[in-house]
Every structure is written in structure tokens, then in C-alpha cells.
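Trainee: Sharing a structure below in C-alpha cells format, with a few things to ask.
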Amino acid sequence: MNVILVNGSPKEKGCTYTGLSVVAQALEHQRIDTQIFQLGQQALAGCKSCYYCTKNDGCIIDDCVNEFITMANDADGFIFGSPVHYAAAGGTITSFMDRVFFASKTDVFRGKPAAAMVSCRRAGSTAALDQLNKYFTISQMPIVSSRYWNMVHGSVPQDVLKDAEGIQVMQILGENMAWLLHCIAAGKAAGIALPPTQKPVRTNYIR
């Protein structure tokens, strides 16, 4: 089993990476393979609303979004990490997730556990977490929790490592993700399948 951890920070080994690394260590201790997917400083365009992806595989913009979707097919779980910018997730990971979740086929994420984690200096973390968690709920993904909201605090990685509560939250998040993945694997081995898919029913409020 394997989990992809997405580092949505422009800094390759900053505060967000530090928190994700603690989660990864906990996962690996429970026999779960991990890999960190770094978004970095590349410019990522937002969704163009062209609907290319509804008739083709992947997004019409050929960048790391399509690379990630290909990897996601074989992943068992996901952790999405972001710095907090103006009390919200960073612009890069927001564009990334808008396109990834819209361009992916239903079975890429459905039934696979996911979690978000954020890093901030002081505040705005809960608003950013709420924003990221919505991608999972619309995709029928079990959301993995910890003993507190999934956040770490600090201006530099050394500060994050001093955030004793935040580090523990990351460790427990990894342990809980591993536990759920093992439970899902045991369920599959016992013949328990996902519920059947249903055709979407769409309504609006304009007559």
C-alpha cells in the first residue's frame, strides 16, 4: 500500500514539508510506502472550464496535474499539505486541486482515504483545512482525522519541530491513515466491496 503526500508549498523543504515528513514517518512505521509530490514554484494555471477532461483522459493543460492523476490511479491514500496564505490554502495548490479533482475519473479517488494538513505562522489554519476537505467530501473519500486539527505552526522548519502538539497531531494522523488503509485492505480480502455507483442527480434553484 502507498500514500502520496502532496507538498503544496513553493518551498521544497519548508514548514509544510516538515509536517508532511512527520506523517510519512508514521506511515512507513506502519508498513505503508510513501512518496512526496512537490508542486514547487512552477506556475499552475487554474481550470479553464473547457470540459476537455469530460471527454478525454486528463486535463488539456499538460503539466504536473496529469502526472499526478496518473500516479493517483495506483495510490491507496492521500495527504494534501498547504501553507496558509491570507487565511486560505495557497493559490498553487488550489489551482492544482481544482483541476485534479475535476479532471479525474470517478474511480481515481472514490473510497480512498484522504487528509489535509496546513502550516501557518499563527492563524487562518482552520479556514484553509475546511477549504481543502471539501475536495474529499465531494469525491466520496473517507477523511482521516487526528486528535486535533491537522496543522503545524512556525515561520521556519525549526519552529515547526518545536510545535510539540502539532508534531503529535501529524504522527497520529499518519497512524490513523495507516490503520484505515489496513482496515480497507482487510475488508477487500473479506469480499466487502464499495457501494455501487449512482448516476448523479443535479438540481439548481433557477426555474
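Since every read-out is calculated from the coordinates, none of them should be taken as a lab result. Note that the structure is predicted; figures quoted are calculated from it, not measured. Note that we place each Cβ from the backbone using ideal geometry, even for glycine, and neighbour counts take in every protein chain shown.
Trainee: Under a crude label model (7 Å from the Cα following the beta-carbon direction), how far is Q41 from N2 in nanometres?
Mentor: In this crude label model, Q41 to N2 measures out at 2.8 nm.
Trainee: Given the rule -39500 (n - 2.57) for each run of at least 4 DSSP H residues, summed and divided by the residues of the chain, what is its mean residue ellipticity at 222 nm, to the nearest 500 deg cm²/dmol? Could the numbers behind the result be given before it?
Mentor: Values: 7 runs with 86 residues, N = 207.
Rounded to the nearest 500, the figure is -13000 deg cm²/dmol.
Trainee: Could you state the per residue volume, in Å³, of the convex hull enclosing the Cα atoms of the chain? Present the calculation step by step, with values, prior to reporting the outcome.
Mentor: Details: hull volume 28.0 nm³, N = 207.
Residue-normalised Cα hull volume stands at 136 Å³.
Trainee: Rg and Dmax in Å for the range 65-171, alpha carbons only: what are they?
Mentor: Just the Cα atoms of the range 65-171 yield Rg and Dmax of 14.0, 41 Å.
Trainee: Let me ask something else. Structure shown: which of K55/K134; K48/K112; K11/K112; K11/K188; K134/K199 lie over 31 Å apart, alpha-carbon to alpha-carbon?
Mentor: Values: K55/K134 24 Å; K48/K112 27 Å; K11/K112 27 Å; K11/K188 38 Å; K134/K199 20 Å.
From the list (K55/K134; K48/K112; K11/K112; K11/K188; K134/K199), the Cα-Cα distance tops 31 Å for K11/K188.
Trainee: Counting chymotrypsin sites (Phe, Trp or Tyr not before Pro) as exposed when in a DSSP loop with at most 12 other beta carbons within 10 Å, what is the longest stretch of the chain free of them? Let's see the in-between values first.
Mentor: Details: sites that count: Y51, Y86, Y148, Y205.
Longest site-free region, per DSSP loop and neighbour criteria: 87-147.
Trainee: A further question follows. Once you place label points 7 Å from the Cα toward the Cβ at N204 and K162, how far apart are they in nm?
Mentor: In this crude spin-label approximation the distance works out to 5.2 nm.
Trainee: Moving on. Just name one of W179, H153, P142: the one whose Cα is farthest towards the positive end of the charge dipole of the range 137-199 (beta-carbon charges, Lys/Arg +1, Asp/Glu -1).
Mentor: P142
Trainee: Follow-up question, since we're still on this one. Identify the trypsin sites (Lys or Arg not before Pro) of the range 117-177 meeting these criteria: DSSP loop state and at most 14 other C-beta atoms within 10 Å of the C-beta. Walk me through the numbers on the way to the answer.
Mentor: Working: sites: R121, R122, K134, R147, K162; in loops: R121, R122, R147.
Listed in order of number, the matching sites are R121, R122, R147.
Trainee: Find the eigenvalues of the gyration tensor of the Cα atoms of the range 1-111, then list the square roots of 5 times those eigenvalues as equivalent ellipsoid semi-axes, largest first, in whole angstrom.
Mentor: On the way: eigenvalues 111, 69, 21 Å².
The equivalent ellipsoid of the range 1-111 has semi-axes of 24, 19, 10 Å.
Trainee: For the chain, what is the relative contact order in percent, using Cα pairs closer than 8 Å and at least 6 residues apart in sequence?
Mentor: Working: 360 pairs, mean separation 50.9, N = 207.
Over the chain, the number comes to 25 percent.
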